[in-house]
Amino acid sequence: MRKVILAIVFMFSITYSNAQTLDELKAEQGPKKDSIAALQAKVNAIQRKINALPGWKKGAFGTIGGNLSGFDNWYSKGKPNSSTGNIGFTVNAFANLLEEKFFWRNSANVNLSWVKFDDKDDPTDNKDFQEATDVFSITSLYGHKLSDKFAISTLGEYKTTILSNFNDPGYLDLGVGATWTPITDLVVVIHPMNYNFVFSKGETIFESSLGAKIVADYTKQLGAVKFKTNLSAFQSYKSADYSNWTWTNSFGYTLWKGIGVGFDLGLRKNKQEALNFALIDDATVTFNNVDNELQTYWTFGLNYSF
């Protein structure tokens with residue numbers, strides 16, 4: 001009996017000792033967490049100073065999403081024997097030269113995706129991957145600084161598709177005006193003199209015109225989070241029918257060694273594109289009665305930054 005009592009006392013002693021050790025470790029861990037947070041704040045402050053230094057600043061991040069599936073004799077489906085797939089990726093890259101008297105900002109955005117649906121019981125259907133999302137844009141902005149926040153600038157921006165109908169249509173904006181940089185990560189371009197060149201093949205309704213160009217770009221990195229939003233708008237002086245705007249958003253969260261999750265969303269309004277598409281099925285449609293619906297795309301998947 002005495003041995004049993006001693007064993008029970010010993011077990012309680014070990015439990016109490018472990019509890020004390022756990023509490024002590026947690027008490028020791030708290031100040032270290034505070035120290036890590038303070039050090040991270042200092043690192044972020046140093047990084048902001050580095051970003052403000054003259055010279056080239058380069059970077060890129062992107063999103064990869066995809067899924068593949070196959071069905072055999074899955075009778076609850078309307079087409080029990082089929083295979084499907086969806087693959088896509090987005091890349092956002094920049095190369096900026098920031099000097100005391102001038103800046104040169106360059107960026108590119110590529111968003112491509114493919115889809116496929118193969119009905120194995122239908123020998124006539126298309127078994128290949130087909131283009132789904134097809135977005136390509138590149139921008140170059142040069143500015144001569146009048147102050148820390150304002151500059152006289154010139155902008156070149158080109159947008160098109162590259163998987164199909166390359167440069168049909170293609171949009172090239174060239175203009176001059178002013179650039180405002182109220183904070184480090186925000187760039188606002190206002191160019192009242194801008195020519196919007198529209199390229200297309202054959203006889204189409206696309207037309208180039210003179211107008212105003214407005215671009216707002218905000219790019220931010222906070223630790224493991226990267227975010228970029230870009231609004232590019234052209235207002236034609238000739239007719240509102242030739243105006244257009246595109247708004248793209250990219251979000252990335254790094255989980256481990258540059259790998260994380262990402263989400264991309266794009267919105268666009270372009271009446272010339274809407275009319276060109278509507279004329280395929282109805283030759284009587286005009287700018288006055290075309291349904292200019294909002295164009296959208298989105299991608300969600302794995303993200304890699306470098």
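Residue count for segment 264-300 under the criterion of being crowded, with 17+ Cβ neighbours inside 10 Å, aliphatic (A, V, I, L, M) and touching a Ser or Thr at 6+ places or on another chain (Cβ under 8 Å): the result is 1.
Which is in contact (Cβ under 8 Å) with a residue 12 or more places away in the chain, over 25 Å from LEU112 (Cα atoms) and out of contact with any Ser or Thr (no Cβ under 7 Å at 6 or more places or on another chain), of SER208, SER200? If you could, list the steps in order and put the result at the bottom.
Details: SER200 fails: over 25 Å from LEU112 (Cα atoms).
Only one candidate qualifies: SER208.
On the given criteria, is ILE214 buried (at least 16 other Cβ atoms within 10 Å of the Cβ) and touching a strand residue (DSSP E or B) at 6+ places or on another chain (Cβ under 6 Å)? Can you show your working first?
On the way: buried (at least 16 other Cβ atoms within 10 Å of the Cβ): yes; touching a strand residue (DSSP E or B) at 6+ places or on another chain (Cβ under 6 Å): yes.
So ILE214 fits the description; yes.
Residue pairs whose Cβ atoms lie under 8 Å apart, sitting 6 or more positions apart in sequence or on different chains, and linking a residue in segment 275-298 that is free of Cβ contacts under 8 Å to residues at least 40 places away in the same chain and in the same structural domain as LEU112 (by TED's automatic domain parsing) to a partner that is part of a loop (DSSP other than H, G, I, E, B) and of a type in the set (A, V, I, L, M, F, W, C), are ALA278/VAL285; ALA278/VAL290; VAL285/LEU279.
Return the residues of segment 146-178 that are over 30 Å from TRP114 (Cα atoms) and touching a residue at least 60 places away in the same chain (Cβ under 8 Å); say none if nothing qualifies. Break it down into steps so the answer makes sense when it comes.
So the first thing to find is which residues in segment 146-178 are over 30 Å from TRP114 (Cα atoms), and the list is 146-155, 174-178.
The one that is over 30 Å from TRP114 (Cα atoms) and touching a residue at least 60 places away in the same chain (Cβ under 8 Å): LEU155.
LEU275 falls short on exactly one of the conditions (1) at pLDDT 90 or above; (2) over 17 Å from SER200 (Cβ atoms), and that condition is (2). When LYS220, LYS257 are checked against the criterion of being without any contact (Cβ under 8 Å) to a residue 12 or more places away in the chain and either in contact with a strand residue (DSSP E or B) (Cβ under 7 Å, 6 or more places away or on another chain) or of a type in the set (Lys, Arg) (or both), LYS257 stands alone in meeting it. What do you reckon, is LEU267 in contact (Cβ under 8 Å) with a residue 40 or more places away in the chain and either in contact with a strand residue (DSSP E or B) (Cβ under 8 Å, 6 or more places away or on another chain) or not hydrophobic (A, V, I, L, M, F, W, C) (or both)? In short, no. Among the residues of segment 160-187, the ones that are over 17 Å from GLY211 (Cβ atoms), touching an Asp or Glu at 6+ places or on another chain (Cβ under 8 Å) and of a type in the set (A, V, I, L, M, F, W, C) come to 4 in all. Given the criterion under 30 Å from VAL285 (Cα atoms), assigned by TED's automatic domain parsing to the domain that holds TRP298, within 24 Å of the chain's Cα centre (by Cα) and small (Gly, Ala, Ser), identify the matching residue among SER164, SER250, SER239. Residue meeting the stated conditions: SER164. Every listed requirement among (1) out of contact with any Leu (no Cβ under 6 Å at 6 or more places or on another chain); (2) surrounded by 14 or more Cβ atoms within 10 Å (Cβ to Cβ); (3) outside any strand (DSSP E or B); (4) at negative phi is met by ASN165 save one, (4).
Per-residue answers, yes or no, for (1) closer than 17 Å to ILE162 by Cβ; (2) among the aliphatic types (A, V, I, L, M); (3) in contact with a helix residue (DSSP H, G or I) (Cβ under 8 Å, 6 or more places away or on another chain):
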| residue | (1), (2), (3) |
| --- | --- |
| ALA108 | yes, yes, no |
| TRP114 | yes, no, no |
| PRO123 | no, no, no |
| LYS127 | no, no, no |
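Please verify whether SER250 is closer than 17 Å to ALA93 by Cα and either among the polar types (S, T, N, Q) or surrounded by 16 or more Cβ atoms within 10 Å (Cβ to Cβ) (or both), treating the condition exactly as stated. Yes; evaluated as a whole, the condition is true for this residue. Here is the figure for segment 101-120: residues that are at pLDDT below 85 and either part of a loop (DSSP other than H, G, I, E, B) or within 20 Å of THR181 (Cβ to Cβ) (or both) total 1.
The values are calculated or read from the model by the stated rules, or taken from the named source; none is laboratory data. A quick note: this is a predicted structure, and the numbers were derived from the prediction, not measured. In this analysis, Cβ positions are derived from the backbone assuming ideal geometry, glycine residues included, and neighbour counts consider all displayed protein chains.
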